[in-house]
Amino acid sequence: MEDVKSLNELVEWAVNPVIYKKDPKTCLDEFFGKINIDAYNPKEYQKHITDYYENVLYKTKYKNELNLDMIPYRFHDALLAYADIKISEGNLKEAITYLEKSLIWNPESRKAHYLICKIYFSLNEFTKAFEYAIKGLDIEYSGTYISYYYSVLTVFYLKRKDYVRTDEYASSIYLLNNNDTATINYLENRGIKQVSPMAEKNENIMDALLKIVYDESIVAAERARYAQILLSYEIMPIFKYEDFYLTLDSGVKNAEIKESVIMNGNYLLVSLNGNKYLNIKDKKHLFEKLVISYFGKIAELNLYLNNFENDRLSYEKEPILEEIKIKYNGKLYYIALTSTNPKMSEFYLEMKANIIRLATLMIDGIPPINNLFKLPVINDDKN
């Protein structure tokens, strides 16, 4: 049997031709010439997935396969690279064949789902493109590719004259990219002025990213990269509109925030005492329970109410930043430390103390990951 390492080296060369100065097709032809992929039954092997994120998703969804022997060869990567060659040659149907085979060896492949969807859409096979857009959304964290999938779904429903669904997806595209001319024109023609998202955060995606971030066996640079991916995914506008959302920000406006607690859906992002903690799950919904316990006062002292407009305008001119914003039961609430309203300021300080107390309890025993926030958010949209 051909040495596994040397065969996988051929795939590595094909995947990274610029680095290794190798011809991808020559490397892949040699790889498939020396190993008969059809001799391996995918159902008898745990998949060899080199991408950290896709590997975590696979292990989460296919636990029944984890007692099998791992396939030693990089079949998915090789098939995906061959598909790239076929696409560059214009052989799109043949590329789909390789891409579908690659999904057998990595059912969570982001790139394979995206390319199949894109090819079918370019061939005006909208039903097939729709199918892969739905599958792609189940694993995708990149705003660019989520937006692409939404555009496919928008066209799909538009052609079926299902304008309710079309409006929903067009609105979601706008929230991810409010410079998209076609979407803006569509919304204007439909007379849609109030844009709200239809999608919620995919917790499988969040959990998979978190597992990588906190896995100390992975090199720090990769953990940092995925922390930045997770943070960019977390703050994408479309995912802020959940049933429950809470933020506490304390510091100086337009300067470094000293204390910050963001409760987005079920996930927590905390910055306290100079340390940062990323997305610890609020399994007991403690923050929501806190809001419920204070709900009467929150509704009464809401800066968004018309009778507090002067207090809100006054606060927004002040240099300090001391505010809590909440979404609960479809409505928004705004509490702040404002010099013009002592009653509201007293309530804000009480709420702040309880929010920080809860956040402190939740991060107890969890190591801070300050080093993962040092670099600017990267662009992971290259597939």
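Modelling each spin label as a point 7 Å along the Cα-to-Cβ direction, I'd like the Asn354/Thr97 distance in nm, to one decimal. Output for this residue pair reads 6.5 nm. Relative to the longest principal axis of the Cα atoms of the chain, the long axis of helix 220-235 makes an angle of roughly 60 degrees.
Shape verdict for segment 127-220, please, from the Cα gyration tensor: rounded (a/c under 1.5), prolate (a/b greater than b/c) or oblate.
Numbers: a/c = 2.90, a/b = 2.02, b/c = 1.44.
It is prolate, given that a/c is not under 1.5 and a/b is the larger ratio.
Nearest 10 degrees is fine. How inclined is helix 342-363 to the longest principal axis of the chain, computing both from alpha carbons? The helix 342-363 is inclined about 30 degrees to the chain. The Cα atoms of segment 169-292 define a convex hull whose projected area, averaged across directions, is 10.3 nm². Annotation: peptides 51-59, 173-181, ranked by per-residue average of other Cβ atoms within 10 Å with the highest first, follow the order 51-59, 173-181. Once Rg and the Kirkwood radius are both taken over the C-alpha atoms of segment 267-322, their ratio Rg/Rh works out to 1.09. Using the 1.4 Å probe convention, the accessible area of the chain works out to 50 Å² per residue with neighbouring protein chains retained. Listed peptides 132-139, 363-370 appear in the order 132-139, 363-370 once ranked by packing, highest mean of other Cβ atoms within 10 Å at the front.
Computed from the Cα positions only, the extents of the chain along the three principal axes stand at 78, 53, 38 Å, in decreasing order. Only helices enter the 222 nm calculation for the chain: every DSSP H run of n ≥ 4 contributes -39,500 (n - 2.57), and dividing by all residues gives -16500 deg cm²/dmol, rounded to 500. In vacuum, with every alpha carbon of segment 62-149 counted as one equal point scatterer, what does the Debye formula give for log10 I(q)/I(0) at q = 0.15, 0.18, 0.25 Å⁻¹? Two decimals, please. Reported log10 I(q)/I(0), two decimals: -0.58, -0.80, -1.25.
Using a probe radius of 1.4 angstrom, the carbon and sulfur fraction of the accessible surface of the chain is 51%.
Full-extension gain between Glu9 and Ile320, please, as 0.36 nm times their residue separation minus the C-alpha to C-alpha distance.
Numbers: separation 311, 0.36 × 311 = 111.96 nm, distance 5.69 nm.
That works out to 106.3 nm of additional length.
Between Ile184 and Asp29, the FRET efficiency from the beta-carbon distance, with R0 = 30 Å, is close to 0.05.
The values are calculated or read from the model by the stated rules, or taken from the named source; none is laboratory data. Every value quoted in this text rests on a predicted model; they were computed, and no experiment measured them. For neighbour counting, all protein chains shown are included, and Cβ atoms are generated from backbone atoms with ideal geometry for every residue, glycine included. For accessibility, only protein heavy atoms count, side chains too; no ligands or nucleic acids. Shrake-Rupley method; radii C 1.70, N 1.55, O 1.52, S 1.80 Å.
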